[in-house]
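To start, the structure itself, in structure tokens.
None of the figures in this text is laboratory data; all of them are computed from the coordinates on show. The shown structure was predicted, so the numbers you read here are calculated from the model rather than taken from an experiment. A quick note on method: Cβ atoms are made from the backbone with ideal geometry, for glycine too, and the neighbour counts reach across all protein chains shown.
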Amino acid sequence: MNFNSYLFFALLIPVIILYRVLPWSIGKVMLVTASYVFYGYAEPFYLVLLFYSSVVDFIGAIMIHDAKSVVRRKIWLWISILGNLGLLLAFKYTDFIIENINHLSGVLVFEPIEKMHWLLPAGISFYTFQTLSYTVDVYRRQSEPCRNFITFALYVAYFPQLVAGPIERASHLINQISLKHKVDPTAFMKGVERILWGLIKKCVFADRLALFITEVYADPQSMPAPVIWLAMIGFMMQLYLDFSAYTDIAIGLAALMGVQLAENFRHPLLARNPVDFWARWHITLTTWFRDYVFVSLGGLKRQQLAKSMFNIILVFTLTGFWHGANWNFILFGIYAGLGVAGYQYLKIFSPWKTTKPLFGKSGWGEAFAILSHSVYMYVGGVFFRTPDLPTAIHLYRSAITNSIALPSTYVPYALLIGFVFLVHFIREKYSHKISFQNLIQPIPSWAVSASYVLILTYASYDYQVTFIYFQF
Amino acid sequence: MKSVLKNSFFILLILLAAFEGYWSVNLPYSKAIPAAFVVRNEFNKRAWPEFTSGKKNSNQKLAVLIGNSQSCGYEYASDSSVIYPYFLRKNLTGSKIVIENWSIRGIRTPDIEILTTKAMAKGADIVILSLNPTNFDAPENINLSFPNTDVKLLLSDWKIYRTMKSSLLAKHLTFETWLSMKVTLSSNLIRSRTPVFTSLAEGLSLNDQIFYFGNPITRNLNPDLLKTKNFRDRINHKANLNEIQATKEAEFIQRVSTFMQFCRYLKMRVELLRFKGKIVFVWQPIGMSKIPDEDARLMNAFNHIACSSKELNGFGFYNHTNALPVEVFETFAHFDAAGHKLYAEKLTLLIQDELQ
């Protein structure tokens, strides 16, 4: 169920009231039920998969922990890993694999295989990764297994972050949802504010940009080059606003129940380099890949240039592939991996290696770093948005060869993009000098929230446009 | 009390209640601006109170007229006394028959479905559907995004919503649709959004309207135009005409199918509501000489199929496509004051006949 829908908020109100009044043993069951209702509303079959994932990892983690021998521990770990990845493979990647095998049917002479056309369950990549991290943590003895199935089912299905993260670690979330929290009015209002702010980001900014970007990407050939560049910049901004809006709402919803979810973004539009970008963008996914894949592969070792570079590119390729079963996501991952690997090479392995920022510490150097990285990221974002490589190439070609006029009709979009960028710049650059929290402290929470409600009412572009990351 | 006033959340709720209860209610959207017999608010939308007005008077016979801009008198916004529903009512003065004009500029298939259902639920004695083929959309274009009216808010009535499950709109109806209509209808703050947009948008170019206000206005775009290449041309309605022409024929076939399906569903709803009155289709006069030959051919083909359709069994059907002389037409679908008077005479006889 979309967070930006009436039905969600209509159901949320009784859920929060019940959370506060019910004893925790019943309240927890109520929260699991509510989470299942929110998730299964669009397609009840999704619930079977969610339940399957919960059962496999609940049993798996206990068996790993209680196993007497290393072999048994490993067997149960692999049962959990294959159980989760199998789910992901079956529902997300089967048709992609069949499609690519079928490409070979002409050469190897065999009948093309029929595609499965299975439904892609919303958020499957998020919750399988979340449960996977749990069993791996238990295997590594970094976490104790949860022995209460209701608590564990709530950890897997916790509705604020089920569909699009943040991908929570068991050690962080299970401990919090094991207990009922007393939420004081100030924290509650902070949650309300965060939800409203997320809705503004989504309904006022991201959805407004979406129309323009959709149209430019639909037919770049007929667009002047500056408009295409604007759409390339706008898409990364839309993606950020859309996804971070979901995170804001998720964090706000959890705050209404006294739970603190992990932050997922830290002004990524102002990243100085590819490494900096991935430390600010979708942080819970990046750290997941770092902790569970990159480290397992051997990580980055100063003495092993080739292996380190390979590990980086592989991990980012997998990150790209995590987003979707499409070659474009793989290309996006390779592109991101090459960027990070290239940067790490310059910083660590090259003859010019340095611990200082590549373009110096001055304001100009920093501005150049942000600008150059932005161009790199906006160009790469095309892979994320276009359905295939020829379309991406077609768009790049149009961005270079089309006319260079910027029609006045697109000026408002340019100003909007500039405005969003400026807000980020001010918050990033001056947050250490002026505390924005302190700055708005004198404004009462009710006044901030009321103005957010009014902005939402009158400035929303539309209601109930699905979040982009729901498809992953 | 003191603790309530210290609690930010309660203050927020009180503030929102104040917005709802005092500030937003003063927006003119909630006011019906009475014209002679066509109630229309200043945003050129059909006024809400008319559709929701109470039960019919048992001493009278209620005739509900559902039509498009022609019946709504779109060009005569300041003077409804020149449009045919006015003459119709004048002609019927003294009889027990009361005409309510529920017509809407640019009426779309979902509007027709919802309004017909409402008219049946209200216990109309006769529902006159005064339309032309273009009011029946291709199935892919039937959804809840129709901008000229508040009619979809009638779906907040559970009886109407439930009955509409037998309609072309059915696949777009979920519990959430009902809920969002209920919320929209109940909240002055949300309802005031559209008139605020409309007021602010006056004087802005369509491009700027789209940027600032988004879908409430873009929804109005012809879906055909959205299929063409250049987005900005589409917005400016400078579409590639060849492309549109190519799709017209296919689209007219779809319109026929919509019309047939519409009739089938209408029969189902008549049974569901145990409607005892009559439903009459009247094909409005069209100035065929004002449209390209190809369009006229398609229009005639539609009429021919519609007239002979067995789906019309149980409903009245009158084809007035060629009922008026060509000189009364200002555009292909809109006639002048003289045309309105002539058409009113024909409809008066028709209604009297049907209600005898």
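Taking the criterion of being in a helix (DSSP H, G or I), aliphatic (A, V, I, L, M) and surrounded by 13 or more Cβ atoms within 10 Å (Cβ to Cβ), the residues of segment A:66-92 that qualify are A:Ile75, A:Leu77, A:Ile79, A:Ile81, A:Leu85, A:Leu87, A:Leu88, A:Leu89, A:Ala90. When restricted to residues that are within 13 Å of another protein chain (Cβ to nearest Cβ), under 27 Å from A:His267 (Cβ atoms) and touching a helix residue (DSSP H, G or I) at 6+ places or on another chain (Cβ under 8 Å), segment A:407-421 contains 6.
From the list A:Leu253, A:Leu261, A:Leu285, the one residue that fits, being buried (at least 21 other Cβ atoms within 10 Å of the Cβ) and not in a helix (DSSP H, G or I), is A:Leu261.
I'd like the full set of residues that are touching a residue at least 12 places away in the same chain (Cβ under 8 Å) and within 11 Å of chain B (Cβ to nearest Cβ), limited to segment A:221-230. Quick ask: steps written out before the conclusion?
So the first thing to find is which residues in segment A:221-230 are touching a residue at least 12 places away in the same chain (Cβ under 8 Å), and the list is A:221, A:223-230.
Matches in segment A:221-230: A:Gln221, A:Met223, A:Pro224, A:Val227.
The listed residues are B:Pro133, B:Pro139, and the only one of them that is within 17 Å of B:Arg264 (Cβ to Cβ) and over 13 Å from the mean Cα position of the chain (by Cα) turns out to be B:Pro139.
This table checks each residue for (1) in contact with a Pro (Cβ under 8 Å, 6 or more places away or on another chain); (2) part of a loop (DSSP other than H, G, I, E, B).
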| residue | (1), (2) |
| --- | --- |
| A:Thr94 | no, no |
| A:Ile101 | no, no |
| A:Met116 | no, yes |
| A:Ala122 | no, yes |
| A:Tyr127 | no, no |
| A:Leu132 | no, no |
| A:Val138 | yes, no |
| A:Phe159 | no, yes |
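Take the residues in segment A:173-192 that are in a helix (DSSP H, G or I), β-branched (Val, Ile, Thr) and within 14 Å of another protein chain (Cβ to nearest Cβ); name whichever of them is farthest from A:Leu253 (Cα to Cα). Filtering first and then ranking leaves A:Thr186. Scanning segment A:193-232 for residues that are of a type outside the set (A, V, I, L, M) and not in a helix (DSSP H, G or I), we see that the one that is surrounded by the fewest Cβ atoms within 10 Å (Cβ to Cβ) is A:Asp219. Selection of segment A:57-81 for residues being among the hydrophobic types (A, V, I, L, M, F, W, C) and within 11 Å of A:Thr128 (Cα to Cα) yields only A:Ile81.
Considering each residue of segment B:144-167, count those that are among the polar types (S, T, N, Q), assigned to a loop (DSSP other than H, G, I, E, B) and away from chain A (no Cβ under 13 Å), and give that number. Give the steps one after another, and end with the answer.
Initially, segment B:144-167 is screened for residues among the polar types (S, T, N, Q), giving B:145, B:148-149, B:156, B:163, B:166-167.
Restricting the remaining residues to those that are assigned to a loop (DSSP other than H, G, I, E, B) gives B:145, B:148-149, B:166-167.
If we keep only those that are away from chain A (no Cβ under 13 Å) as well, we get B:148-149, B:166-167.
Residues flagged as among the polar types (S, T, N, Q), assigned to a loop (DSSP other than H, G, I, E, B) and away from chain A (no Cβ under 13 Å) within segment B:144-167 amount to 4.
Looking for whichever is touching a residue at least 24 places away in the same chain (Cβ under 8 Å) and over 29 Å from A:Ile101 (Cα atoms) here; the options are A:Ala262, A:Ala325, A:Ala336. Which one fits? Quick ask: steps written out before the conclusion?
Details: A:Ala325 fails: over 29 Å from A:Ile101 (Cα atoms); A:Ala336 fails: over 29 Å from A:Ile101 (Cα atoms).
It is A:Ala262.
Kindly indicate whether any position in segment A:11-24 is within 14 Å of chain B (Cβ to nearest Cβ), touching a residue at least 40 places away in the same chain (Cβ under 8 Å) and touching a Gly at 6+ places or on another chain (Cβ under 8 Å). For segment A:11-24, residues within 14 Å of chain B (Cβ to nearest Cβ), touching a residue at least 40 places away in the same chain (Cβ under 8 Å) and touching a Gly at 6+ places or on another chain (Cβ under 8 Å): absent.
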